[in-house]
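Step one of this worksheet: look at the structure below.
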Amino acid sequence: MKNLLYNIFFLVATLTMGCQQSNTSNKLNRTNVEYTDASLLPPDTALVLTADTARLEDNLWLLQELNGQTIAISEKQELPSILFRSEDRIYISKTDCNGISGNYQAERDHSLQFLQLFHTEIACENMEIEKGLLAYLPRVRSYQIDGKKLTLFDEHNVAIVRLSQLSRIP
């Protein structure tokens with residue numbers, strides 16, 4: 001039943017976010033050259049991700065630390081994780097109990113923002129990880145990748161979330 005609720009939540013969240021379009025900006029932020037109007041792009045221009053943005057996206061990142069506290073889970077719990085999907089700029093975070101998802105914006109200068117936050121609200125015994133992610137993800141302003149380690153920083157350049165790469169999603 002719990003997995004069914006997860007699947008329904010992520011399906012609804014993905015469909016909802018996929019249908020939303022921002023009319024405020026046509027800025028294409030995945031190119032090596034930034035254009036403010038898509039009509040200015042040459043017809044044969046390919047969108048190219050930078051190396052670090054490509055490493056951030058389409059990888060499954062396992063949560064290791066929240067605000068300096070190591071994440072401890074039992075063998076029965078699912079590993080908390082975050083996936084940044086490049087095709088639609090949606091992130092999906094799963095914990096043992098609830099799910100969090102929304103849009104994100106990652107730039108060449110290593111800036112990163114979680115723009116929207118949708119989450120399930122299933123009451124569970126231990127919701128510390130969910131509470132931590134809900135508190136810290138909106139504060140993220142930049143990221144750094146070192147090997148298979150991803151660190152998320154706040155506006156004061158303080159590391160508030162640390163993750164490790166589990167696998168590359170094809």
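For this structure, a couple of remarks:
- Nonpolar atom fraction for the stretch 58-165, defined as the carbon and sulfur part of the 1.4 Å probe accessible area, stands at 46 percent.
- Environment charge of P138, counting only residues whose C-beta is closer than 15 Å and scoring Lys/Arg +1, Asp/Glu -1: 0
- When the Cα positions of I145, V158, A135 are compared along the charge dipole of the stretch 119-170, I145 comes out farthest toward the positive end, with charges on each C-beta of Lys, Arg, Asp and Glu.
- All other residues whose Cβ lies under 11 angstrom from that of I73 are scored, Lys and Arg at +1 and Asp and Glu at -1, for a net of -3.
- Highest-first packing order for the peptide set 67-78, 155-166 is 155-166, 67-78, based on the mean count of other beta carbon atoms within 10 Å.
The values are calculated or read from the model by the stated rules, or taken from the named source; none is laboratory data. Since the structure is predicted, the reported quantities are computational estimates derived from the model, not experimental observations. Glycine gets a Cβ as well: all are built from the backbone with ideal geometry, and neighbour counts include every protein chain shown. When the accessible area is computed, the model is the full protein with side chains, heavy atoms only, and any ligands, DNA or RNA have been set aside. Shrake-Rupley method; radii C 1.70, N 1.55, O 1.52, S 1.80 Å.
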